[in-house]
Amino acid sequence: MPCLQYRMIGIAFLILALTALAYTINWVYNKSKYWEKKGIKCLPALPVFGNSLPMLLNKKNVGEIMEDIYNAFPDEPVIGYYEFLTPRLVIRDNELVQKILIKDFGHFVDHGVEVDEKKSPLDNQLFVMTGNNLSHRTKMAPLFTSGKLKNMYGVMTEAGDGLLEYLDKNKENDIDMREAMVLFSMDIIGSAAFGINPGVLKNPESEFRVKGKQISEPNWKNLVRIWFFFAFPQIAKKMGFSFQPKSVTCYFSDIIRNAIDYRKKNDIQRNDFIQMMVHLKEKGKIEVKTLDSSDDYLNTELNDTNNEVFEITDDILLAQAQSFLLAGFESTALLLAYAMLEICQKPQLQDTLRKEIVEQVKLNGGLTYEALRNLKLLEQAVKGL
């Protein structure tokens, strides 16, 4: 009799397991047919992995995957794809893009990733803030005006001098320009934005460089972390997963926190990002004295948004400051490296740019901020126009 009971219990568990498996398979199948049911064209997708498997296997980056999706149906205004289990939409029509990003921005404020503000407060950065926190974005927008950038230009030139010293020191050997630009971007962001001197151009093996390298290093831990964030966003949020390794987050947070505390104790004022963040917390706003055409985003009206007031806390400040550091390292370095590659491959373009730079230096008495703003051909070359 006991054997019969155990057998019945085993059969019950087997039926339960098969039912759960069937339910899961059906759920995944329905997820993979989302765009087909909507009548929107999309590339074939794998169960669970969607169109993101090449990224997980480190065979393609996100940009290459998006390019394949974008070019798959050239006559379609929108194209569907799957970011693991989550259906996403690529907008190809320019008019739709303008409506989404400007006129209807109040309805499209989220980026598809959420973090738990209590469990991972330093991940609550502008890029992942949801609609309820939109007021943070409007408050921080004046931090990025041309006038604020001009105030930091003097400090940036010091980092530029450091790059010239690095190139001169290593001119007898082959120079990895991508690596040189990574070191330069770290020095310039650390100095101009946060008033610290990372010194990575002089010491490429410094802890600042090591920690910065861990941010985008394509190791298995980072790949699994990214995959889990996008495949199971709600579970990642509930479990308090962080975008970055804890050691990296703590290291850069300590640097920023120490910089803020040092200035408060010694009453130091400096034209940089940290100072503006401190003013934002104290006054609740950033004053904008002068604007130019490139600052027109400040006048964009955000319709249908929540006007509730949110407090600017220390965690909010640290999160935004950290995002500025982390996001600027690799992207700035790649932009500069690709721009130089483009210029090196076109000697005639080099000559034209050199003449433009010499002319503006003479007119402005040096490579000043005004001279830099007038380098229109150089701007086109950097933008790849």
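The values are calculated or read from the model by the stated rules, or taken from the named source; none is laboratory data. Given the structure is predicted, the values throughout are model-derived calculations rather than measurements. Neighbour counts are summed over all protein chains in view; Cβ atoms, including those assigned to glycine, are modelled from backbone coordinates with ideal geometry. Accessible surface areas use protein heavy atoms only, side chains included; no ligands, DNA or RNA. Shrake-Rupley method; radii C 1.70, N 1.55, O 1.52, S 1.80 Å.
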Quiz prompt | Candidate residues L46, L349: accessible-area rank, largest first, probe 1.4 Å | solution = L46, L349
Self-check item: D (Stokes-Einstein, µm²/s), Kirkwood Cα radius, the stretch 314-362, 1.306 mPa s at 10 °C
Solution: 118 µm²/s
Practice problem: With a point put 7 Å past each Cα toward its Cβ, work out how far M66 is from L89 in nm, to one decimal. | Solution: 1.7 nm
Quiz item: With every protein chain present, what accessible area does M152 have (1.4 Å probe, heavy atoms only), rounded to the nearest 10 Å²?
Solution: 20 Å²
Quiz prompt | Heavy atoms of W35 accessible to a 1.4 Å probe, total area in Å² rounded to 10 | solution = 20 Å²
Practice problem: Roll a 1.4 Å probe over the protein chains and send me the accessible area per residue for the stretch 144-230 in Å². | Solution: 54 Å²
Quiz item: What does the convex hull of the Cα atoms come to per residue for the stretch 1-109, in Å³?
Solution: 150 Å³
Quiz item: Length gain on complete extension for the stretch N170 to K202, per 0.36 nm per residue less the alpha carbon to alpha carbon distance?
Solution: 10.4 nm
Self-check item: Pair R257, N26: separation of 7 Å Cα→Cβ label points (nm)
Solution: 5.0 nm
Exercise. Assuming R0 = 25 Å, can you tell me the calculated FRET efficiency for the pair L57 and C250, based on Cβ-Cβ distance, to the nearest 0.05?
Key: 0.25
Self-check item: With DNA, RNA and ligands ignored, accessible area of Y262 (1.4 Å probe; Å², nearest 10)
Solution: 130 Å²
Quiz prompt | C42, C250, C344, reordered so the largest accessible area comes first (probe 1.4 Å) | solution = C344, C250, C42
Exercise. Averaging sequence separations of C-alpha pairs under 8 Å and six or more residues apart, then dividing by the length of the stretch 205-278, give the relative contact order as a whole percent.
Key: 27 percent
Quiz item: Ordering R354, R209, R178 from largest to smallest accessible area (1.4 angstrom probe), what's the sequence?
Solution: R354, R178, R209
